[in-house]
Every structure is written in structure tokens, then in C-alpha cells.
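Each remark here refers to the structure printed beneath this line.
The values are calculated or read from the model by the stated rules, or taken from the named source; none is laboratory data. Here the structure is a predicted model, which means the values were calculated and not measured. Cβ sites come from the backbone with ideal geometry, for glycine too, and all protein chains shown count toward neighbours.
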């Protein structure tokens, strides 16, 4: 037997059905497609069509690649940790966790955990308990004879000191109900008095509006006194009042009332909303970030741990010579 004599078994192969080769082939004319209609044409693919209703691939929600239970980390850099050590904010004889960092003012809040990042050097040994750390940052801490412990426990929100807590609003007590015994006395007093004319002067509603207006007017006073005492003895009260009016109701919220220099998102908000939009600066982001950090260092030198937003914006405008534009 030779190669040219090799054959399959009879019936092992079958030739492809030839379409449109006459009536006698069984697949003539329309070639098995049927007659008329969309499917009888070439180049048509009806796959996800559901008779005109919204297809299932459009009805299902689009989740993307965002993890629904992802953690939000509060990043702590080696440089920030070193500044806190040099300032004496941390008690290095104890283990430093997220609660201790927040209480010391090193960071504003711990979120779902603290993550140690960055490079540089540490001058002293420190024992840290954090939610995560990079390999380089861990090596730096261990090189300074310290330690880094990783924990999965979500940090408890630290309680502020009494002097840092916002003052509680006075709660109005409900007026005491008149008892049945007081009614006869009132009836007995009717013949004597005709003091209806005394109730005429002024209604209560206008008095409340006046009090509210005066409280809004005096809202800038504590910020003005702080700026005049620590930063600018020749501060203009009208400028401080303008900044307070610009911030408005955001000063009533503790999270919006203060600026956190350790939070990158917070620094970006100051850069974009105040320096760019309000003051109209057109420098690049790197230069504007440097100006924000300069004010952080200035307020830190003044030993102001809680950096209120009014003083922060005043110093930014003063450094740029734009106090007159506010």
C-alpha cells in the first residue's frame, strides 16, 4: 500500500450541503432560509432582541469594579510621624495606635484604619499598631529600633478633650402648665388690673429675628480675636467678617469648621475651592500645595492644634496679598 492509496472508511466523510443549486438539490432558491423577512437577508444577527422590551443586559445594574465593602485608609507618612515626634505630641513610652494619633492631633480621623507609608528617617524608636504598612515604611521604623504591629480591628473613634468639644446649645424648657388652683386667683385679679396696655410694645417674633441677626454679626468675633492675638495684630475685622460670611453654615459642622493638614483630600479642597476659585490663583497644583503647607507650618508654629478654617483662609489670603479681594 502506498500513500496515495490511503482512504477513509466508506461513509466516514460527507460533503457539505450546497445551497442554492436548483430545486432538485432540496436547498434551492432561498437556500433553507425561508422566504422574506429580516432573517432571510445576509449580514443580520439577531441575538439579544427581546421583542422591543428593554434587554436583560440593560436592565441589570452596572456595578463596575468598585468593591462595595472596600476599606478607607487614613494614611500616615513617615515624615508626618517624625514631625509629631519632634513636637513632643506622642508619648513614646507607650504603644501608639490610631486613637492615640487622633487624640494627639497627628491626624484628623482614623476611618477604617491607619496605613503607614512613605520614606525618610525616624530619630526615635516608636511602637506602632496600625491597620497596614508598606515594606519600606516598616523597614524604616524597625531601623530606628521600633516595631510595627498589623491589626484587623477597626479603630474606635477617639473622644476629644473637654476644651476641644463644641459648646452645647441651650435647650429651652417647656413652660409650666397652669394648674386648676391658679384659675381663681386670675379671675380675682381681673377687677383690679387694666394692664392690657403693657403688652402692646413689641411682638416676640421681631425680637427673635434681631437676636439671630446679632448672633450672625458676632459670629466672626472669636476668629478675629484669635487672628489678632496670634498672627496679625493689625488684622482688619471687615476681612474676617467677609471670610466668615463666605464659609456660612459650614462653620456649624465640626468636620467643616477645621482644616486637617494631614488629610490630602482636605488640602486639595482648600487648594481648589479657595485658592483657585475664590482668590483666582493660576499656579500649578504643586505650587499651590506648597502654599497650603506653608500655612500649616505657620499655624503649627503658633501652637494652634485645631486649625480653624477662618484663620487658615485669612493667612492664605494675607500671604498672597489678596485680603482686599475678599
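Being surrounded by 18 or more Cβ atoms within 10 Å (Cβ to Cβ) and in a loop (DSSP other than H, G, I, E, B) is the requirement here; does residue 296 meet it? Lay out the reasoning, then the answer.
Numbers: surrounded by 18 or more Cβ atoms within 10 Å (Cβ to Cβ): yes; in a loop (DSSP other than H, G, I, E, B): no.
When the stated conditions are applied, residue 296 does not pass them.
Give me the residue from the stretch 299-317 that is under 26 Å from residue 253 (Cβ atoms) and surrounded by fewer than 18 Cβ atoms within 10 Å (Cβ to Cβ) and, out of that set, nearest to the chain's Cα centre (by Cα). Outline the logic, then answer.
Restricting attention to the stretch 299-317, the residues satisfying the condition of being under 26 Å from residue 253 (Cβ atoms) are 299-300, 302-317.
Pick out the ones that are also surrounded by fewer than 18 Cβ atoms within 10 Å (Cβ to Cβ) and you get 300, 302-306.
Numbers: 300: 23, 302: 27, 303: 26, 304: 23, 305: 21, 306: 18 Å.
Only one residue fits best here, namely 306.
Residue under question is residue 26, and the condition is that it be on the phi > 0 side of the Ramachandran plot, in contact with a helix residue (DSSP H, G or I) (Cβ under 6 Å, 6 or more places away or on another chain), at pLDDT 90 or above and surrounded by 10 or more Cβ atoms within 10 Å (Cβ to Cβ); does it hold?
Working: on the phi > 0 side of the Ramachandran plot: yes; in contact with a helix residue (DSSP H, G or I) (Cβ under 6 Å, 6 or more places away or on another chain): no; at pLDDT 90 or above: yes; surrounded by 10 or more Cβ atoms within 10 Å (Cβ to Cβ): yes.
So residue 26 does not fit the description; no.
So residue 57 ticks every box in (1) in a helix (DSSP H, G or I); (2) under 30 Å from residue 16 (Cα atoms) but one. Which box is left unticked?
(2)
Among the residues of the stretch 270-283, write down those that are modelled with pLDDT of 85 or more and within 18 Å of residue 257 (Cβ to Cβ).
Correct list: 270, 274.
Of all residues in the stretch 101-158, how many are more than 16 Å from residue 79 (Cβ to Cβ), assigned to a helix (DSSP H, G or I) and in contact with a helix residue (DSSP H, G or I) (Cβ under 7 Å, 6 or more places away or on another chain)?
Looking only at that region, the number is 0.
Select from the stretch 85-100 the residues that are within 17 Å of residue 147 (Cβ to Cβ) and outside any loop (DSSP other than H, G, I, E, B) and write down the one among them that is nearest to the chain's Cα centre (by Cα). So that I can check it myself, show each step before the final result.
Quick first cut of the stretch 85-100, residues within 17 Å of residue 147 (Cβ to Cβ) only: 85, 90-98, 100.
Right, trim to outside any loop (DSSP other than H, G, I, E, B) and you get 85, 96, 98, 100.
Details: 85: 27, 96: 25, 98: 19, 100: 22 Å.
This residue is 98.
Return the residue satisfying two criteria in turn: it lies in the stretch 237-269 and is more than 22 Å from residue 291 (Cα to Cα) and touching a helix residue (DSSP H, G or I) at 6+ places or on another chain (Cβ under 7 Å), and of such residues it is modelled with the lowest pLDDT.
250
Of the conditions (1) in a helix (DSSP H, G or I); (2) in contact (Cβ under 8 Å) with a residue 12 or more places away in the chain, residue 19 satisfies every one except a single condition; which number is it?
The number of the failed condition is (1).
Within the stretch 65-74, is there a residue that is modelled with pLDDT under 90, exposed (fewer than 10 other Cβ atoms within 10 Å of the Cβ), more than 33 Å from the chain's Cα centre (by Cα) and in a loop (DSSP other than H, G, I, E, B)?
Looking through the stretch 65-74, none of the residues is modelled with pLDDT under 90, exposed (fewer than 10 other Cβ atoms within 10 Å of the Cβ), more than 33 Å from the chain's Cα centre (by Cα) and in a loop (DSSP other than H, G, I, E, B).
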